[in-house]
Amino acid sequence: MPRARAAAFIALALSGALVLALAIALWQRIPLVEWIARRELLARGVPSELRVVELSLRGAELADVKLGDPAAPDLALAHATLAWSWDGVRAGRLDRVALRGLRLHARAEGTGISFGALDALRGAEPDAEAEPLTLPFLEAELADAEAVVDSEQGALRLRAHGSARPEGELVRASFELHGESPQGALDFGGGGTLGLVSQEIAAAGAIEGVTPWGRVSGNVRLLGTLATLRIELSGNALPDPKALPVSTAAPFEFEGFATRAADGELSAETTFSANGVAIEELATLASISGEATLRDDVAEAQLALRGVDAPGLLRAEQASVRASYSLASGELRARVEAARALAPDLARLEGLSADLRLAGDALEGDVRVARALELSTPALIAPLRIEAKLSGSLQRVGLSGKAYTPGDGLVFDLSGALERERLELRVVLPETDLSPKTRQPDRVFPWLAGAIEAARGKVGGEGLASYADEKLSASGVIALNGADLVTEYATLRGLMGVVTATEMDPLVTPPGQRIWMQSVEVGLPLGNGTMKFELRPDGILYVEESEWSFAGGKLAFTGAFPLDARERKLELRVEGVSVEKLLAALDFDGLAGTGVLGGVTPLLQSGPQVRVQDGELRATETGVIRFTSGEGGAALARKQPQLGSVLGALENLHYDELSLTINGDLSDRVDVKMHIRGRNPNFQKGRPVVLNVNVDLPLGSLLRAAAVATGVPDEIEEQVQKAMGKEKP
C-alpha cells in the first residue's frame, strides 16, 4: 500500500510539473518565439531584431522587424499579419499574409544584386527533380513597400503595393510599382490569375519609364505554370550613353520570350533592331538587326549590320555576325563576314571573314581577305589574298600571316599589331626568283608599269608600315641578287646591293645607298661598276659616287639627276684608261700602243638617246703607238684612207701629246678628232710628227669591248646575303 501511494504521488507530481511547464510556456510564448527566431537567424549569420505582437493558434502579428545591422538594416518591416489554418498548414501555405512598411536595401554589383546580410539566407540552386513550385500563401496584401538599389549610376528607389485574393479555384493578383532614379521615373503594373489546383498562370503587365541604364517601354505576359513558366516580352529601349558604352538615334525594338521547362532548363529567344547605333570607342552602325537564343547555358546571336564605320580602321556597307557565348566558360566565339569593306586611305577589301575567340581579355582568331586592293592610282601593289592569325587582347592584338599576289606571284610574310586607330605592319619578301611572268614588276607593282618593262634574277626585302592619326608612313629595304631590269631608257644587268627607303610615297632613300652592276646600257654602255646614291623627296637622284671599270682605268660621274626629266646632263670622268687596252678593243690588226688617257666627256641624255658633246681625252704621260704593216695595214688604210700617208710614222711613234675630241650619238658611230705630236726614230730621221686625224668609231661597241670584268665587292655581297637571311657564320 505505501508503494502504491508513492507511485501515485510521483505521477501526480509529474503531471503537475508538466501542467505548470505548459502554463509557463503559454504565458511566455511570445518572448520564447522571439528568442527562437533570433537564435535561428543568428545561426545563419543574420543578426536580427523583431517583436511578436500577438501569437495564437490561428496566426501571428509581428512588428519592428530588422534583419542585418540594426542601425542600418538590410530589411525592415513595420508590421506583418500572418494567418493560418490546419488545412493550410497541411498544404504547406499560409491563409493570409499582410505586410506594411517593408523597406529593403540592395546593391547592384558586377556579379549581380547583393542584399547584404540577407545573402546568407539564399538557398541552393533549384533542383530540377524537386517538387513543383507552389504558392506560399492563399491571400496576400502589400502596402507601403519600398526598396532601394544602389549602383554606379545612382540609387534606384522602388515603391510598390499589391494584393492577391482567392476567387474559387483561382488566386487573382494585381500590383503596381513606381521607381525613381537620378535618370528619371519608372512605372510597372499588371495583374493576373493563378490556378490553385492547376497552377496555371495567366498574367500581363506593362513597363514605362527610365532605368539607370536607359529608357524602356514594353509589355510582359506570363503563361504556363509555376513549374513551366513562359515570359513574353515586347517593346523598345533607348540606352543611356552615360551608363552604357552604346547609344542609338532611335530606341531598340525587341520582341521575344523566355521559358523554364519542367526539368528546370532555361531557354530564351528574341529579335531586335535599331538604327543609328554608336559603340563607344569602337564603331558606329547605320542599323543593326538580328535574333538571339539561349539554350543549354549557351547564348547565340545572328546579326545583320549596315553602314559599319570603325574610325581609322574599317568601313563596310554590310556585314554579318554569328556569335555564341558560353555562360559556363565565359568564352565568346564570333564569325564576322563582309562582302566588301574599306580600310580608309589603305585598301578596298573583298571577301572579308574573321573567326574570333574571346575569353576574358584574351583574343585570338583567323582573318581571311579574298582580295585587298590598294587605293593608289596606279596601285602600289597588285591585289592581295591575305590569310592571318590574331592573338592578343582587345586593347592590342598581334597578327601574323601571309599575303599572295595573283597566280604564281609573290608571297609576303606579314606580322604586326593593331591598336585603337593604329596599325603597325611588317612585310617580308623572302628571296624570290622574278623569272615567272606573274612576278614581273608591272604585274606585282602596277605603279612601276612603264618604268620597269621586264625583270629577272632574285630579290628579297622587308617593309614597315604604320597607320596612325589617319596618316600612313612606310619604309623598306630591298635586296638585289643578280637582278636584271629593263626600263624605257636603260637596261641594268647583274644588280647586287641592298637599298633602304625611308619613305615610299614618294620614294626616298637616305644618303650612301650602294649597288654594283654587271652592266648598264643607257645609251652609254658601262660595265662592272658601283654607284653610291641618294633619292631625295623632290625626285632628284643624287649620285655621290659612280665608278665603272674600263680599259684598265675607270669611268666615273657624280651629280644630281631629276628622274622625271626627259633631258639630263652629266660629265663622265675618264681616269687611268690604258691606251694598250683601248686600242686592243678596236680590233684593228697590227695596231697597238702604250700610255694612259684621262679627261672629261660631257653627255646629254634625251630619252633613250645619249650624245657626247665635245668630250676630251688626253694622254697623262708619254707613250708609243705601233702599227705593223701587212694585210692589217692595208685593211686599215682601206677603212681610213686619210691614214695611208702616215702609216710609216705610226709604225713606232713615240708621242708627247695625244688627245681625242669626241662628238656624236653613242648608239651610232661617233666622230673622233685625234691629235698626236711625237716622233718615230725610224721614220725620216726622227723628225717631229704632228698628226690630226678624223675617224668615226662605234664608241658603244668600244665601251662594251673595253669593259673589264670584276667581282662583286665583298661588302656589297655580305649586305645582300645578310638581307636574304644567308649571312655567313
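The values are calculated or read from the model by the stated rules, or taken from the named source; none is laboratory data. These numbers come from a predicted model, not from an experiment. Note that we place each Cβ from the backbone using ideal geometry, even for glycine, and neighbour counts take in every protein chain shown.
Hey, does the stretch 94-102 have a residue that's surrounded by fewer than 16 Cβ atoms within 10 Å (Cβ to Cβ) and of a type in the set (A, V, I, L, M)? Please lay out each step first, then the result.
First pass over the stretch 94-102, keeping only residues surrounded by fewer than 16 Cβ atoms within 10 Å (Cβ to Cβ): none.
There is no residue in the stretch 94-102 that is surrounded by fewer than 16 Cβ atoms within 10 Å (Cβ to Cβ) and of a type in the set (A, V, I, L, M).
If I ask for residues that are over 22 Å from Pro525 (Cβ atoms) and among the hydrophobic types (A, V, I, L, M, F, W, C), which ones from the stretch 536-568 would you list?
Within the stretch 536-568, Ile540, Ala560 meet the criteria.
Quick check: anything in the stretch 87-109 part of a loop (DSSP other than H, G, I, E, B) and at pLDDT below 70? Steps first, please.
So the first thing to find is which residues in the stretch 87-109 are part of a loop (DSSP other than H, G, I, E, B), and the list is 92-93.
Now restrict to residues that are at pLDDT below 70: none.
No, that holds for no residue.
With respect to Thr284, determine if the residue is under 23 Å from Tyr325 (Cα atoms) and surrounded by fewer than 18 Cβ atoms within 10 Å (Cβ to Cβ). It would help to see each step written out before you state the result.
Working: under 23 Å from Tyr325 (Cα atoms): yes; surrounded by fewer than 18 Cβ atoms within 10 Å (Cβ to Cβ): yes.
Yes.
Results for (1) polar (S, T, N, Q); (2) outside any loop (DSSP other than H, G, I, E, B); (3) at pLDDT below 85, shown as yes or no for each residue.
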site: Leu373; (1), (2), (3): no, yes, no
site: Leu380; (1), (2), (3): no, no, yes
site: Lys389; (1), (2), (3): no, yes, no
site: Ser400; (1), (2), (3): yes, yes, no
site: Ala403; (1), (2), (3): no, yes, no
site: Phe412; (1), (2), (3): no, yes, no
site: Gly416; (1), (2), (3): no, yes, no
site: Pro430; (1), (2), (3): no, yes, no
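Pull out all pairs, ordered by first then second residue, where Cβ-Cβ is under 9 Å, the residues are six or more apart or on different chains, the first lies in the stretch 563-591 and is in contact (Cβ under 8 Å) with a residue 60 or more places away in the chain, and the second is charged (D, E, K, R) and part of a helix (DSSP H, G or I).
Ala585/Arg704
Please find, among Glu232, Glu200, Glu208, the residue that is more than 24 Å from Ala250 (Cα to Cα), among the acidic types (Asp, Glu) and at pLDDT 85 or above. If you could, list the steps in order and put the result at the bottom.
Details: Glu232 fails: more than 24 Å from Ala250 (Cα to Cα); Glu208 fails: more than 24 Å from Ala250 (Cα to Cα).
Only one candidate passes the filter, namely Glu200.
Taking the condition at pLDDT 90 or above, assigned to a strand (DSSP E or B), out of contact with any Lys or Arg (no Cβ under 9 Å at 6 or more places or on another chain) and surrounded by 17 or more Cβ atoms within 10 Å (Cβ to Cβ), does Gly461 pass?
Numbers: at pLDDT 90 or above: yes; assigned to a strand (DSSP E or B): yes; out of contact with any Lys or Arg (no Cβ under 9 Å at 6 or more places or on another chain): yes; surrounded by 17 or more Cβ atoms within 10 Å (Cβ to Cβ): yes.
Considered against the rule, which asks whether it is at pLDDT 90 or above, assigned to a strand (DSSP E or B), out of contact with any Lys or Arg (no Cβ under 9 Å at 6 or more places or on another chain) and surrounded by 17 or more Cβ atoms within 10 Å (Cβ to Cβ), Gly461 comes out as yes.
Restricting attention to the stretch 397-416, which residues are under 20 Å from Ser435 (Cα atoms) and among the aliphatic types (A, V, I, L, M)?
Correct list: Ala403, Leu410, Val411.
Just a yes or no: is a residue in the stretch 522-533 in contact (Cβ under 8 Å) with a residue 12 or more places away in the chain, part of a loop (DSSP other than H, G, I, E, B) and surrounded by fewer than 16 Cβ atoms within 10 Å (Cβ to Cβ)?
Start the filter on the stretch 522-533 by keeping residues that are in contact (Cβ under 8 Å) with a residue 12 or more places away in the chain, which leaves 522-533.
Then drop every residue that is not part of a loop (DSSP other than H, G, I, E, B), which leaves 523.
Add one more test, that the residue is surrounded by fewer than 16 Cβ atoms within 10 Å (Cβ to Cβ), and what stays is none.
No.
Yes/no matrix, rows are residues, columns are (1) free of Cβ contacts under 8 Å to residues at least 60 places away in the same chain; (2) touching an Asp or Glu at 6+ places or on another chain (Cβ under 8 Å):
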site: Asp345; (1), (2): no, yes
site: Ser353; (1), (2): yes, yes
site: Gly360; (1), (2): yes, no
site: Ala370; (1), (2): yes, yes
site: Gly409; (1), (2): yes, no
site: Gly416; (1), (2): yes, yes
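Step by step: first the residues of the stretch 118-138, then only those that are touching a Lys or Arg at 6+ places or on another chain (Cβ under 8 Å) and surrounded by 16 or more Cβ atoms within 10 Å (Cβ to Cβ), then the one that is modelled with the lowest pLDDT. Which residue is that?
First, pick out the residues of the stretch 118-138 that are touching a Lys or Arg at 6+ places or on another chain (Cβ under 8 Å): 120-121, 134-138.
Now restrict to residues that are surrounded by 16 or more Cβ atoms within 10 Å (Cβ to Cβ): 135, 137-138.
On the way: Leu135: 62, Phe137: 75, Leu138: 78.
It comes out as Leu135.
Hey, can you tell me all the residues within the stretch 76-110 that are over 15 Å from Ala143 (Cα atoms) and under 56 Å from the mean Cα position of the chain (by Cα)? Lay out the reasoning, then the answer.
Looking only at the stretch 76-110, we keep the residues that are over 15 Å from Ala143 (Cα atoms), and these are 83-95, 105-110.
Matches in the stretch 76-110: His105, Ala106, Arg107, Ala108, Glu109, Gly110.
Just for the stretch 196-242: of the residues that are of a type in the set (D, E, K, R) and out of contact with any Ser or Thr (no Cβ under 6 Å at 6 or more places or on another chain), which one is surrounded by the fewest Cβ atoms within 10 Å (Cβ to Cβ)? Don't jump to the end; show me each part of the working.
Restricting attention to the stretch 196-242, the residues satisfying the condition of being of a type in the set (D, E, K, R) are 200, 208, 215, 221, 230, 232, 240, 242.
Keeping just the survivors that are out of contact with any Ser or Thr (no Cβ under 6 Å at 6 or more places or on another chain) gives 215, 221, 232, 240, 242.
Working: Arg215: 17, Arg221: 17, Glu232: 15, Asp240: 18, Lys242: 12.
Here the answer is Lys242.
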